[in-house]
Structure formats: C-alpha cells, structure tokens
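The values are calculated or read from the model by the stated rules, or taken from the named source; none is laboratory data. All figures in this text were calculated on a predicted structure; none of them were measured in a lab. Cβ placement follows ideal geometry from the backbone for every residue including glycine, while neighbour counts extend to all protein chains displayed. For the accessible areas, the whole protein counts, side chains as well, though only heavy atoms, and no ligand, DNA or RNA atoms are used. Shrake-Rupley method; radii C 1.70, N 1.55, O 1.52, S 1.80 Å.
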Amino acid sequence: MTQSTDGAQPDRGTILAALKESYAGPAWHGPSVRESLDGVTARTASRKLSPTRNSIWELVLHLAHGRHLLIDRLAVAPSAEFPRSVREPWWPVAPTDASDAAWRRDLALLDDYHAKLVGAIRRATPAQLDRVPERSEHTLAQQLLGMALHDTYHAGQIRLLALELADADSP
C-alpha cells in the first residue's frame, strides 16, 4: 500500500469538526445535511424530478451507506451488513415503503451510522487513519475529511430538491 504523496494529512480533530459542521451544523457555507432534511416529508423525500435522478430518500440512504463503508475501512474487517440492499456501489436500493414511519426509520438509520462513524474515528489509531486502503490513493484520514465535503455537496442537493419538490406539491 502506498501513502498519499502530498503529505497533507488531516488530523482527527479537523476530521471530527468538519463532519460535525457538514452533518449537524451550524455551517458557515449553508445548510448541513440535517438542516437540509428538516421538515422534509416522506412524500417529498420519495419523489424524483425525473426517473433518472435520485430522490432525497435515496440520497439519505447513500449517505448512510457511505458511512457504513468508511466504518468497515477503519476496522479493516467487514462489520455487519448494511441493513438495506445495495443496487450499485455506494447506492442502496430505493425504499418500497414510502410511509412516514419508514422515512423516520431511515433518518434514524443515517443518524445511527453517523454516530457509529464518529465513534470509529475517535477510537482509530494514528496508523488506521494513515492507512491507504486497497484500490485507493487516499489515506483513511483523507477519505473521512472527504465525507464531510461529500455531505456538503449532498446537503445542497437535498435543499434544492426539497424546495423544488415542495413547490410542486403546492396548489
């Protein structure tokens, strides 16, 4: 395994702060993931702008699954399987139950995986954070910081989709 050659390794505190800001907020750049999801109903979350686009619900499951993958990489051994079927890497299958209860369960799933990821980062050794996983060019520390950037990207998508789809629901 090779180390990243740029030498810039984010430290644990930076990773945790960035994940907190991008996931729960408050964030200077705009809404966090949780702020973007605030007030989104199951109906809005399950709708798509077109058949080839992801719904908010699919984005929520994508974010939860990404956390699952990073937890596995930190542990260097597979954990329990992700509790949803996966259609392609990083993308779970869209839910068939679009009820409010199912939406709340999947929001709780995302929160649970976020808490597990934060715990895994806190427990990780410096060697684990500096490790470059197989088929990657980036250390786990870089990937974990990348998750915060990934969150920010999807938080913006979720906010825009929520606004557009809520407007479509209005008379």
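Picking from residues in segment 125-171 that are among the hydrophobic types (A, V, I, L, M, F, W, C) and more than 19 Å from the chain's Cα centre (by Cα), the one that is nearest to residue 49 (Cα to Cα) is 165. Please state which of the following conditions residue 137 fails to meet, knowing it meets all the rest: (1) in contact with a Lys or Arg (Cβ under 8 Å, 6 or more places away or on another chain); (2) outside any helix (DSSP H, G or I). For residue 137, the failing item is (1).
Filtering segment 52-59 for residues that are open to solvent by less than 10 Å² (accessible area, probe 1.4 Å) and β-branched (Val, Ile, Thr) leaves a non-empty set. Taking segment 71-90 as the range and being of a type outside the set (Val, Ile, Thr) and either modelled with pLDDT of 95 or more or assigned to a strand (DSSP E or B) (or both) as the test, the residues that pass are 87, 88. Figure legend. Inter-residue proximity from segment 146-166: first residues in contact (Cβ under 8 Å) with a residue 12 or more places away in the chain, second residues assigned to a helix (DSSP H, G or I) and open to solvent by 30 Å² or more (accessible area, probe 1.4 Å), beta-carbon distance below 8 Å, spacing 6+ or different chains. Indicated pairs: 148/21; 155/35. Does residue 59 count as at pLDDT below 95 and either under 19 Å from the mean Cα position of the chain (by Cα) or at negative phi (or both)? Criteria not met by residue 59. Is it the case that residue 53 is out of contact with any Gly (no Cβ under 6 Å at 6 or more places or on another chain) and closer than 30 Å to residue 127 by Cβ? Taking the combined requirement at face value, the residue does not satisfy it.
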